[in-house]
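Data first, discussion second: the structure below is written as structure tokens.
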Amino acid sequence: MSAAAKIIPAFDAQAARRDFAILAKPVYGKPLAYLDSGASAQKPAIVLETMKAFAETEYANVHRGVHYLSGAATDRYEAARRTVQKFLGAAAEDEIVFTKGGTEAINLVAYSYLMPLIQLGDEIVLSVMEHHSNIVPWHFLRERQGAVLRWVDVQEDGSLDIAALDAAITPKTKLVAITHMSNVLGTLTPLAEIVKRAHAKGVPVLADGAQGAVHEIVDVQALDIDFYAITGHKLYGPTGIGALFAKRAHLKTMRPFNGGGEMIREVTRERITYADPPARFEAGTPPIIESVGLAVALDYLSGFDRAAVKAHEHDLLSYAREGVRQLNWVRVIGDAPGKGAILSFEAEGMHAHDLATILDREGVAVRAGHHCAQVLMERFGVTSTSRASFALYNTRADVDAMLSGLHKAREILV
Amino acid sequence: MSAAAKIIPAFDAQAARRDFAILAKPVYGKPLAYLDSGASAQKPAIVLETMKAFAETEYANVHRGVHYLSGAATDRYEAARRTVQKFLGAAAEDEIVFTKGGTEAINLVAYSYLMPLIQLGDEIVLSVMEHHSNIVPWHFLRERQGAVLRWVDVQEDGSLDIAALDAAITPKTKLVAITHMSNVLGTLTPLAEIVKRAHAKGVPVLADGAQGAVHEIVDVQALDIDFYAITGHKLYGPTGIGALFAKRAHLKTMRPFNGGGEMIREVTRERITYADPPARFEAGTPPIIESVGLAVALDYLSGFDRAAVKAHEHDLLSYAREGVRQLNWVRVIGDAPGKGAILSFEAEGMHAHDLATILDREGVAVRAGHHCAQVLMERFGVTSTSRASFALYNTRADVDAMLSGLHKAREILV
Amino acid sequence: MDNSLRELYQEVILDHSRHPRHYGVLEAATHKAEGYNPLCGDRVTVYLVLDGQGRVADIRFEGKGCAISQASASLMTDLLAGKTAAEAEQLMEGFLHIVKGETPSALPEDARDHMDVMSGLSAFPMRVKCATLAWHTYKNAVEEGAQ
Amino acid sequence: MDNSLRELYQEVILDHSRHPRHYGVLEAATHKAEGYNPLCGDRVTVYLVLDGQGRVADIRFEGKGCAISQASASLMTDLLAGKTAAEAEQLMEGFLHIVKGETPSALPEDARDHMDVMSGLSAFPMRVKCATLAWHTYKNAVEEGAQ
Ligand SMILES: Cc1ncc(COP(=O)(O)O)c(C=O)c1O
Ligand SMILES: Cc1ncc(COP(=O)(O)O)c(C=O)c1O
């Protein structure tokens, strides 16, 4: 029995499962083994119920009104901001900007921070394992302003080549944009070390925390990181909301992104002045009900012993990896030491889509495709992989269902 | 009895009220008179329940998976798009882009359609009664690219000066950006006529339908309009979602806005190609649960005889206007013929915020402030107004509560 | 074992996917197009030789993808080889109906028999795009792929 | 009638708002700042004459806004006139506590009595910003408003 396995009893996944009604709903008459939380996590009852109750008792638009409901809703919205602040370990609540998701959080940095700074030939350092959300905004700067993308490779096992990263940072580098945890490989990047090296050269660092924040305890102050992006729906929260942490000093100098209500100070026909951060970056009616849901989701997650949850997820990962390792017709992609609970693989003679279709009929939900990481697919010479991603509500039974599904798929397809 | 009043029985507001739990919840021990639906509408039970049920039974990320839940969620999401299409009378579903709200819908046009077109000195025509969401994005183009904003005044009663609008369109005009219904004055603009005149000069028209779509039946094909923006939370739907209608011909030529997953065709280290519309403009995980909520909200609204709802709201407006007209210390701002159900006013010797605070303690929720329309405030020489906005669930009792609150406020303050 | 799966991955399909007909480059192609499914990264290239009347004098495809997309491409080349433009149009229409579980209006008996192996797809709406990729690519080749 | 309303809009407050003390421009101001509440559009300008030691030798304000913001500005000028920098600092801190319903640490008895008319605000958290606008503007004038 491994050390990790010994800690597991501190977290009771079976009990947690009861918070997720959808997990008890059969698919094609089979028990659901939902192994696609990396794409989006299911939401516990408390999140859904609180959102509904909030809308039924305290809803109004925020900030703009002096009436009771408006005050109540504003309090909830701003309390949610503090919950995110605490969750990420930020120094101040005004360093948290609510966005529509992780993608928008990164685009906000691209449009508001980097776009005004980029000169022809300036460089942006990123890794080959980035999600398209942490690639395309920088490609825009290449297309539109002549920025140069500097790609840092990963090693064969999927771990980041930190020496290569260091070497890629030049006097022309304006930003290092790197994932905290790869949504395909599960690789965790050494953010603190990356920040140290980048800062030594005067370069700020953005981390795409869409996956990382789900599985790791984040402390943006300890990391000394400049930007950290999260998304609600992977954190057991609602869709339609995410957040960007940015150091106050950056936010102060960043220009607005979307224009509209809430983000202005004064508007006349001739000119315009902008509100202070974070309001400056929250144009229009924000995702109010979603902010309440996100806060509850973060509280839900933080309510567990996170180390125990991680140990549980890691147990599932090891168990699954062991299971597929015994099949000599399966190739795992991504085996970095200490990696997070995501398992990508190829099965000989089976296209990922065919495999996923067959698994689906067995009640097993995995992702098949390029996982919005085509640059990484190219790096590993594949067009698609199958991916199982583990959440706190998964159990070894889910893994067993997948493994037996793999056998069935081989029977049918090969 | 007016013709409008005669139609009222076809719509039963008392019955509709029962769909909105929050309306039955007292505020400071007083019945709630929620007259702030112009800022955000309350949500009927069916919307909240359907969102919750969807999350409990069919939730997953959309488009990317081949498993059952992913398919179910994608079907719901795309069905919601068709519901919006139908609601706006669009010719095709791929002319509907989901956004995070009305503000983002307008910014999408600014960033993706107009920004690449604007040359120094090009003009954008807009009215002085625009919401900041339909001003600030154009100010960006002024600040950043030297566009010129051409302001069209309103008349003393708040109606649009169509001759002035026509005159403001010059060979340099690249867009007319105009509200369908003013969120302060209630003024409805003659969109069809505006489009006709603008198109005669080869200029496209964007309508800010954040308010208009709530109170009017919209038919973008009949209007022949180029862009029409809506927001979910004013349409009895959830926060965190809105939509842009854009003619297919425009969408085809528009460049991407946010970059990320879903909106690409192919990403390599060196280059990138983009998906077809509408996906091209929907980067990242969209507001999936909210799309389901929005669809239900639109179905809910469309389930009523809309003409009867309008007549009901108009009855409330007339009743309220009559009520304040009898107070010679109240000045109504905005009295355009055929205006929608919004009433803005100033009360002598009372600042709007003090008035709103006192009304609040009477259970009456009105908005006080500049309503994100500072240019309009300047036009009428005020810094703020009080605003009552009517929704389908309001009744004359709400108006009575406001009128009696006005008297109390005068007692206290004057 | 799920019957609908057995029907989807029936022997004929797997055989087409493992041993695709008309596979390879057609150097003499008069028309050519590349199809791409951004969701899964699958690709197919369709090569045609159209004669003066638009008849499919020769056809080949090349591609990488799932069993369904490969089998469908292979099946398509079998069906289209030698057909006139009008016949091909009719086949395509029929195929698009069949994979969605709809009844095609008019279709030659033998073509219908051939296509029927794909009718299992109607239980897998998420996979329909895999099956139609080759056909849409064929259409693109005819309309915009003149070499 | 709601008691908390009566307490908020008590006669002293309304009197201050209708007949503000120290109202107007101070041409000789050594320090000056403009405050603005973007939520409601309220404005206040605070003029100061600070002597060599930073004592408030003279003070005036001008503004447009709700009863609370005007009364608070008027009350503030009454309280700050003649005070040393340290005293003013203490008064401001005390005021910020009182309007939030917190107990100020140390505050001269008479100042406290004066400020107590504003303690009703603690029941109206959404209006606290109205009451603090003048004070924050005063602080801005001292710190960044040297003429
Ligand atoms: C690593 C990573 N980054 C960014 C994103 C984008 O987040 P969202 O789709 O919520 O905007 C995702 C998820 O899709 C992800 O896995
Ligand atoms: C006329 C008008 N336009 C645009 C908006 C912006 O919509 P949202 O705040 O939902 O983005 C609003 C509402 O605030 C509005 O009333």
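All of the numbers you see were taken from the coordinates with simple rules; none came from a lab. Quick caveat: nothing in here was measured; it's all calculated off a predicted structure. Cβ sites come from the backbone with ideal geometry, for glycine too, and all protein chains shown count toward neighbours.
If you rotate chain D onto chain C, whose Cβ in D ends up lying nearest the axis, and how many Å away is it?
That would be D:Pro38, 22.
Quick one: check the C-alpha center-to-center distance for the range B:147-198 versus the range A:252-296, whole angstrom.
First find each Cα centre; the distance between them is then 26 Å.
Only Cα pairs under 8 Å and at least 6 apart count here; give the relative contact order of the range B:23-170 as a rounded whole percent.
12 percent
Based on the Cα atoms of the range D:3-144, what semi-axes does the equivalent ellipsoid have, where each is the square root of 5 times one gyration tensor eigenvalue, given in whole Å with the largest first?
Semi-axes, largest first: 22, 17, 13 Å.
At 7 Å along Cα-to-Cβ for each site, give me the label-to-label distance between B:Gln155 and C:Ala57 in nm.
With each label placed 7 Å out from Cα toward Cβ, I get 7.3 nm.
Among A:Ile162, A:Ile106, D:Ile68, A:Ile118, which comes first, second and so on when ranked by fewest other beta-carbon atoms within 10 Å?
A:Ile162, A:Ile118, D:Ile68, A:Ile106
Between copies, how far does the label point of D:Glu102 sit from its twins, in nm, shortest first, when each point is 7 Å from Cα along Cα→Cβ?
Counterpart label points of D:Glu102 in the remaining copies fall at 6.8 nm.
Compute log10 of I(q)/I(0) for the range A:334-414 with the Debye formula, placing one identical point scatterer on every Cα and leaving out solvent, at q = 0.12, 0.13 Å⁻¹, to two decimals.
For the range A:334-414 at q = 0.12, 0.13 Å⁻¹, log10 I(q)/I(0) is -0.35, -0.41.
Arranged by the count of other C-beta atoms within 10 angstrom, fewest first, what order do C:Phe124, A:Phe87 take?
Least to most surrounded, the residues fall as C:Phe124, A:Phe87.
Setting aside same-chain residues fewer than 8 positions from B:Lys339, which lysines have a Cα under 16 Å from its Cα?
Counting by Cα, and skipping residues close in sequence, B:Lys339 has these lysines nearby: B:Lys310.
Among the GluC sites (Glu not before Pro) within the range A:206-288, which fall in a DSSP loop and have no more than 10 other Cβ atoms within 10 Å of their own Cβ?
When the GluC sites (Glu not before Pro) of the range A:206-288 are filtered for loop state and at most 10 Cβ neighbours within 10 Å, A:Glu270 remain.
Compute the label-point distances linking A:Gln119 to its equivalents in the other copies; points lie 7 Å from Cα along Cα→Cβ; give nm, one decimal, shortest first.
For A:Gln119, the other copies' label points sit at 2.8 nm, shortest first.
For A:Gly121, what charge total do you get from the other residues with a beta carbon under 15 Å from its beta carbon, if Lys and Arg give +1 and Asp and Glu give -1?
Around A:Gly121, the surrounding residues sum to +2.
When N counts the residues of the range A:190-237, how does its alpha-carbon radius of gyration compare numerically with 2.2 N^0.38 Å, as a ratio?
Output field value: 1.19.
Using Cα centres only, tell me the gap between the range B:305-360 and the range B:101-145 in whole Å.
Taking the Cα centre of each part, the range B:305-360 and the range B:101-145 sit 31 Å apart.
Among A:Ser318, A:Gly209, A:Pro31, whose Cα projects farthest towards the positive end of the dipole of chain A, with charges put on the beta-carbon of Lys, Arg (+1) and Asp, Glu (-1)?
A:Gly209
What do you get when you divide the Cα radius of gyration of the range A:42-112 by 2.2 N^0.38 Å, with N the number of residues?
Here the answer is 1.28, to two decimals.
Please report the relative contact order for the range A:226-377, taking Cα pairs under 8 Å with a sequence separation of at least 6, and give it as a percent rounded to a whole number.
About 15 percent, as a whole number.
Can you list the copy-to-copy distances for A:Gly338, using a point 7 angstrom from Cα toward Cβ, in nanometres, shortest first?
Distances between equivalent label points, in nm: 6.9.
About its Cα centre, what dipole magnitude does the protein assembly as shown give when the only charges are +1 on Lys and Arg Cβ and -1 on Asp and Glu Cβ, stated in debye to the nearest 20?
So the dipole magnitude of the protein assembly as shown works out to roughly 460 debye.
Starting at 0 and stepping by 10 Å, how many percent of the alpha carbon pairs of the range A:266-305 end up in each bin?
Pair shares across the bins are 23, 31, 25, 14, 6, 1.
Can you give me the pair-distance distribution of the range A:1-134, C-alpha pairs, 10 Å bins, whole percents?
All Cα pairs considered, the percentages come to 9, 21, 29, 26, 13, 3.
Work out the FRET efficiency for D:Glu11 and B:Asp276 from their Cβ-Cβ distance, taking R0 = 60 Å, and round it to the nearest 0.05.
Calculated value: 0.30.
Just need the relative contact order of the range B:48-302 here, percent rounded to a whole number, with Cα pairs under 8 Å and 6+ apart.
Reported relative contact order: 25 percent.
Report, in debye and to the nearest 20, how large the dipole of chain D comes out about its Cα centre when Lys and Arg carry +1 and Asp and Glu carry -1 on their Cβ.
400 debye
Cα extents of the range A:10-62 along the three principal axes, largest first, in whole Å?
Ordered largest first, the range A:10-62 gives principal extents of 42, 32, 20 Å.
How large is ³J(HN,Hα) for each residue in the range B:153-167, as worked out from phi by the Karplus curve 6.51 cos²θ - 1.76 cosθ + 1.60 (θ = phi - 60°), to whole Hz, x for Gly and Pro?
6, 10, 7, 4, 7, x, 7, 6, 8, 5, 5, 5, 4, 4, 5
Check which residues have an amide H placed less than 5 Å from B:Thr285's amide H, if you skip close sequence neighbours.
A:Thr103
Out of all DSSP beta bridges with both ends in chain B, state the antiparallel percent to the nearest 5.
Counting DSSP beta bridges with both partners in chain B, the antiparallel share is about 60 percent.
Can you pull the Kirkwood radius for the range A:87-161, inverse mean 1/r over Cα pairs, to one decimal in Å?
Value: 13.9 Å, from the Cα pair sum.
Report the Cα-based extents of the range B:225-333 along its three principal axes, largest first, to the nearest Å.
Largest first, the range B:225-333 extends 70, 30, 24 Å along its Cα principal axes.
Over 32 Å between C-alpha atoms is what I'm after, so list which of A:Lys86/A:Lys201; B:Lys172/C:Lys32; B:Lys247/C:Lys100; A:Lys252/B:Lys25 land there.
B:Lys172/C:Lys32; A:Lys252/B:Lys25
Collect residues whose amide H, placed 1.01 Å from N in the peptide plane, falls under 5 Å from the amide H of B:Ile264; neighbours closer than 5 in sequence don't count.
B:Ala275
Just the number, please: Stokes-Einstein D of chain B in µm²/s, Kirkwood Rh from C-alpha pairs, 25 °C, 0.890 mPa s.
It diffuses with D of about 110 µm²/s by this estimate.
Taking +1 at the Cβ of each Lys and Arg and -1 at the Cβ of each Asp and Glu, which of B:His250, B:Ser404, B:Thr187 sits farthest along the dipole of chain B towards its positive end, judged by Cα position relative to the Cα centre?
Selected residue: B:His250.
To the nearest 20 Debye, how big is the dipole of chain B about its Cα centre, given +1 on the beta carbon of each Lys and Arg and -1 on that of each Asp and Glu?
For chain B, the charge dipole is close to 380 debye.
With everything on Cα atoms, drop me the angle between helix A:45-57 and the longest principal axis of chain A, reported from 0 to 90° to the nearest 10.
30 degrees
Check which residues have an amide H placed less than 5 Å from A:Glu58's amide H, if you skip close sequence neighbours.
none
Which percent of the Cα-Cα distances in the range A:288-351 go past 20 Å?
48 percent
Taking only the alpha carbons of the protein assembly as shown, what extent do you get along each of the three principal axes, in Å, biggest first?
95, 72, 54
Kindly write out, for the range D:111-120 in residue order, the coupling ³J(HN,Hα) from the Karplus curve 6.51 cos²θ - 1.76 cosθ + 1.60 (θ = phi - 60°), rounded to whole Hz, with x marking Gly and Pro.
Per-residue couplings from phi come out as 4, 4, 4, 4, 6, 4, 4, 9, 5, x Hz.
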